[in-house]
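Let me begin by presenting the structure, written as structure tokens, before commenting on it.
The values are calculated or read from the model by the stated rules, or taken from the named source; none is laboratory data. On a predicted model such as this, the values are computed, not experimentally measured, just so you know. Neighbour counts run over all protein chains shown; Cβ positions are idealised from the backbone, glycine included. These accessible areas exclude ligands, DNA and RNA; they are computed on the full protein's heavy atoms, side chains included. Shrake-Rupley method; radii C 1.70, N 1.55, O 1.52, S 1.80 Å.
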Amino acid sequence: MALLLDERWDRLPRSVKRDAEIMIRHSDNKAADRLWERIGREGGLARANKVFGLKATTAVPGRCVDLYCWGITRTTADDQVRLLRYLPRLGDGDVVRRLMRRVVPEQKWGVSAGACAGERVALKNGWLKHVANDLWAITSVGLIADRYAVAVLTEDNATSEAGIAKVEKLVERVLDGFRECGSQGVTSR
């Protein structure tokens, strides 16, 4: 999204479009590194955060070393929901949603747990095993039916599987509070 503040999708070089696609759809860290450089690293992110109205999202300064730059950006669920709500105002926000709808099947966990059968889900998940304590940070951020913006950020999970299960349980619980899926039930992942 920071990239698309200054550049139109249709004018981006093919290699940059490819990096955006594999970063979102496949969670490719090297592609994210290249895009991090292209937006101007933490300075570019800070400028974008201001435009997006993010209040508590900050990045570590410097070049990426094994994803320790953008990969340890600090954020909040509130800021992630603000970011999702900004998508319709972003000139090429539809491109971002389209890529988020097409994440690879093995990464369709998380926010998708709250979708009713037949609803479209656009999501981006994240996971990081902390070097200091071997515990996992597991996150899932996305849109359900282009209506519900959901962000769940967890820390201190013993395994990635336990973190994913926690995220999905929280998403289901929260969405159940807003609506019922009725006879069609919850979508299968």
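For region 8-14, take each phi angle, set θ = phi - 60°, evaluate the Karplus expression 6.51 cos²θ - 1.76 cosθ + 1.60, and give the result in whole Hz per residue in order, putting x for glycine and proline.
Using θ = phi - 60°, the values come out as 7, 4, 5, 9, 6, x, 3 Hz.
So what's the back-of-envelope 222 nm ellipticity for the chain, counting only DSSP H runs of four-plus at -39500 (n - 2.57) apiece and dividing by all residues, rounded to 500?
Numbers: 7 runs with 79 residues, N = 189.
Dividing the helical sum by the residues of the chain leaves -13000 deg cm²/dmol.
Is there a pair in LYS30/LYS55; LYS17/LYS124; LYS30/LYS169; LYS55/LYS169 whose C-alpha atoms are over 23 Å apart, and which pairs would that be?
Values: LYS30/LYS55 27 Å; LYS17/LYS124 17 Å; LYS30/LYS169 31 Å; LYS55/LYS169 27 Å.
Beyond 23 Å: LYS30/LYS55; LYS30/LYS169; LYS55/LYS169.
In square angstrom, what is the accessible area per residue of region 1-70 with a 1.4 angstrom probe? Could the numbers behind the result be given before it?
Numbers: 4190 Å² over 70 residues.
Each residue of region 1-70 exposes 60 Å² on average to a 1.4 Å probe.
Starting at 0 and stepping by 5 Å, how many percent of the alpha carbon pairs of region 88-172 end up in each bin?
Calculated over all Cα pairs of region 88-172, the distribution is 3, 16, 25, 22, 15, 10, 6, 2, 0 percent.
Given a Förster radius of 41 Å and the C-beta distance between CYS181 and ARG63 as r, what FRET efficiency does 1/(1 + (r/R0)^6) yield to the nearest 0.05? The partial results should precede the final answer.
Working: r = 46 Å, r/R0 = 1.12.
Calculated value: 0.35.
Enumerate the amide H contacts of ARG120 below 5 Å, restricted to partners 5 or more residues apart or on another chain; note that Pro and chain-start residues carry no placed amide H.
Under 5 Å from the amide H of ARG120: ALA145.
As I understand it, the value is the acute angle between the Cα axis of helix 160-178 and the longest principal axis of the Cα atoms of the chain; what does it come to in degrees, rounded to 10?
60 degrees
Determine the relative contact order of the chain: mean sequence separation of Cα pairs under 8 Å and six or more apart, normalised by residue count, in whole percent. If you can, show how the numbers build up before the last one.
Values: 310 pairs, mean separation 33.3, N = 189.
It rounds to 18 percent for the chain.
Using alpha carbons only, what's the Rg to Rh ratio of the chain with Rh from Kirkwood?
Working: Rg = 16.3 Å, Rh = 17.1 Å.
Over the Cα atoms of the chain, Rg/Rh equals 0.95.
Per-residue HN-Hα couplings for region 40-52, Karplus 6.51 cos²θ - 1.76 cosθ + 1.60 at θ = phi - 60°, whole Hz, x for Gly and Pro?
x, 6, 5, x, x, 5, 4, 4, 5, 4, 5, 4, 6
Once you treat every alpha carbon in region 98-139 as an equal point and sum by Debye, what is log10 I(q)/I(0) at q = 0.20, 0.21, 0.30 Å⁻¹?
Taken in order of the listed q values, log10 I(q)/I(0) reads -0.66, -0.70, -1.06.
For region 20-139, give the magnitude of the charge dipole about the Cα centre (Cβ charges: +1 Lys/Arg, -1 Asp/Glu; no others), in debye to the nearest 20. All intermediate terms of the calculation are to be shown ahead of the outcome.
Numbers: 21 positive and 13 negative charges, 76 e Å.
Charge dipole, region 20-139, about its Cα centre: 360 debye, nearest 20.
Sort 107-114, 153-160, 5-12 by packing, meaning the average of other beta carbons within 10 Å per residue, with the highest value first.
My ranking of the peptides, most packed first, is 107-114, 153-160, 5-12.
Where is the GNM fluctuation largest for the chain (alpha-carbon springs, 10 angstrom cutoff): PRO13, PRO88, PRO61?
Residue with maximal mean-square fluctuation among PRO13, PRO88, PRO61: PRO13.
In whole percent, and with a 1.4 Å probe on the protein chains, what portion of the accessible area of the chain is carbon and sulfur? Please list the in-between numbers first.
Details: 5280 of 10510 Å².
Carbon and sulfur: 50 percent of the exposed surface of the chain.
Set Lys and Arg Cβ to +1 and Asp and Glu Cβ to -1, take the dipole of the chain about its Cα centre, and tell me which of PRO88, GLY62, LEU45 lies farthest positive.
Positive-most Cα among the choices belongs to PRO88.
Among GLY142, GLY93, GLY62, determine the one that fluctuates most according to a GNM of the chain built with springs between C-alpha atoms less than 10 Å apart.
GLY62
Considering only ASN125, LEU99, ASN157, whose Cα is most displaced toward the positive end of the charge dipole of region 61-189, charges sitting on Cβ of Lys, Arg (+1) and Asp, Glu (-1)?
LEU99
Mind checking the full-extension length gain between THR159 and LEU128? Use 0.36 nm per residue of separation minus the Cα-Cα distance, one decimal, nm. Before the final figure, lay out the partial values.
Details: separation 31, 0.36 × 31 = 11.16 nm, distance 1.03 nm.
Between THR159 and LEU128, full extension yields an extra 10.1 nm.
Quick one: 3J(HN,Hα) in Hz for region 115-128, Karplus 6.51/-1.76/1.60 with θ = phi - 60°, rounded, Gly and Pro as x.
7, 6, 3, x, 7, 7, 10, 10, 9, 9, 9, x, 8, 8
Report, in debye and to the nearest 20, how large the dipole of region 65-189 comes out about its Cα centre when Lys and Arg carry +1 and Asp and Glu carry -1 on their Cβ. Can you show the working numbers first?
On the way: 18 positive and 16 negative charges, 91 e Å.
With Lys and Arg at +1 and Asp and Glu at -1, about 440 debye.
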